[in-house]
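Everything below concerns the one structure shown next.
No lab work stands behind these numbers, since they all come straight from the coordinates. Remember, it's a predicted structure, so these values are computed and weren't measured experimentally. A quick note on method: Cβ atoms are made from the backbone with ideal geometry, for glycine too, and the neighbour counts reach across all protein chains shown.
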Amino acid sequence: MATVEMPTDLEQFVDADGRSDRVAEVRKRIDAEGITYIYYQFISVTGRIMGKGVPAPHWERMAHKGFQLVYGSTANLFVDRHGNYIGYGPEAWELVGIPEPETFTTLPWDPRVARVWCTCFRNREDHDGPSSFLTSDCRGNLRRIQAELEERTGMHLRAGMEPEMMWLKLNPDGTPSVEGKTKPYCYHIDQFSELQPIIHKVIEYGQKMGLDMIQGDHEDAPGQIELNFNFDRAEETADRLTTRRVVDAVYFSLST
């Protein structure tokens, strides 16, 4: 009796119901908005954004076949105190990153560029679980754990957080000083309003990238402000926190 091979995790992901339509919708956006470049990204175990950049004409190929990057990128290719690579070294197989078209977002500070989150899989030729979900993909793990919890209990985990940042004055050589841009007066509106140009831009960029920006305040250190976005499902909140970190970093680099 012939055996029937079950589709791999990667094959099921690419062939999921409705995904081809979402891939086509992204192509329409690319053409309509004049997007020329796309960051295909995932998160390392320490929260760093990893991935590759690819010119936009290759969207369909990337959507179906994905990009490859060494397994160790999920741990930043960092070493431990003994000099050994954490998790995987550069000699390891290369993961396959497949984009999630529903996460495709244009970068408001450079509308020629977009980013899309990716789910990571073991290499198709790997001897150990080829094309299966890569277990060092922390973002993918969270989504799968959330889905399993919801299927088993009918409930899901929601999370919220309060992102804070420090805005420091610059030294003459352009490096940050230890002196904040405001005085250390917690919740004082006059100190908060001194950073209003920053607040405006962070909220503008955040909203354009899908964050429901809500309340904020001045905290108790010089130049320390808190700008919050609304809580949601844990996996969505995690993605949005990463987006907020990018927004803060980009605004800092543009303003200096």
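List, in order, the whole-Hz ³J(HN,Hα) value for each residue of the stretch 122-134 obtained from phi through the Karplus relation with A = 6.51, B = -1.76, C = 1.60 and θ = phi - 60°; use x for Gly and Pro.
Rounded to whole hertz, the list is 5, 4, 4, 9, 4, 6, 10, x, x, 6, 8, 4, 7.
Return the FRET efficiency for the residue pair residue 157, residue 82: r is the Cβ-Cβ distance, R0 is 41 Å, and the value is rounded to the nearest 0.05.
Numbers: r = 36 Å, r/R0 = 0.87.
Calculated transfer efficiency: 0.70.
Can you give the calculated 222 nm mean residue ellipticity of the chain, where each DSSP H run of n ≥ 4 adds -39,500 (n - 2.57) and the sum is split over every residue, rounded to the nearest 500 deg cm²/dmol?
Values: 7 runs with 85 residues, N = 256.
So the helix-based figure for the chain works out to -10500 deg cm²/dmol.
Name the long-range amide H neighbours of residue 169: under 5 Å, sequence gap of 5 or more, or other chain; modelled H, no Pro or chain starts.
So residue 169 has HN proximity to 177, 179, 180, 181.
What are the lysines whose alpha-carbon lies under 28 Å from the alpha-carbon of residue 183, with same-chain residues fewer than 8 places away excluded?
Straight-line reach from residue 183, under 28 Å: 169, 201.
³J(HN,Hα) across the stretch 175-184 via Karplus (A = 6.51, B = -1.76, C = 1.60, θ = phi - 60°), whole Hz, x for Gly/Pro?
Using θ = phi - 60°, the values come out as 7, x, 8, 8, 9, x, 6, 10, 8, x Hz.
Compute the long axis of helix 19-33 from its Cα atoms, compare it with the longest principal axis of the Cα atoms of the chain, and write down the angle in degrees, 0 to 90, nearest 10.
40 degrees
Among the aspartates and glutamates, which have Cα under 14 Å from the Cα of residue 181 when same-chain residues fewer than 8 positions away are ignored?
Within the straight-line limit of under 14 Å, residue 181 reaches these aspartates and glutamates: 190, 194, 219, 220.
Restricting attention to the stretch 175-256, which chymotrypsin sites (Phe, Trp or Tyr not before Pro) occupy a DSSP loop and are surrounded by at most 11 other Cβ atoms within 10 Å? It would help to have the intermediate numbers written out before the result.
Details: sites: 185, 187, 192, 205, 229, 231, 251, 252; in loops: 185, 187, 231.
Loop-located and lightly packed - 187.
Which GluC sites (Glu not before Pro) in the stretch 1-103 pass both tests, a DSSP loop state and at most 12 other beta-carbon atoms within 10 Å?
Values: sites: 5, 11, 25, 33, 60, 91, 94, 102; in loops: 5, 91.
Passing sites in the stretch 1-103 are 5, 91.
Lysines within cross-link reach of residue 28: Cα-Cα under 20 Å, excluding same-chain residues under 8 positions apart?
65, 208
Compute the distance in nm between two label points, each set 7 Å from the Cα along the Cα-to-Cβ direction, one at residue 102 and one at residue 208.
Using points 7 Å along Cα→Cβ, the separation is 2.5 nm.
To test your reading of the geometry: what angle, between 0 and 90 degrees and rounded to tens, separates the Cα axis of helix 234-255 from the longest principal axis of the chain?
50 degrees
Can you compute 3J(HN,Hα) from phi for each residue in the stretch 86-102, using the Karplus curve 6.51 cos²θ - 1.76 cosθ + 1.60 with θ = phi - 60°, rounded to whole Hz and x for Gly and Pro?
For the stretch 86-102, the Karplus-derived couplings read 7, x, 9, x, x, 7, 6, 4, 9, 5, 10, x, 10, x, 9, x, 5 Hz, x marking Gly and Pro.
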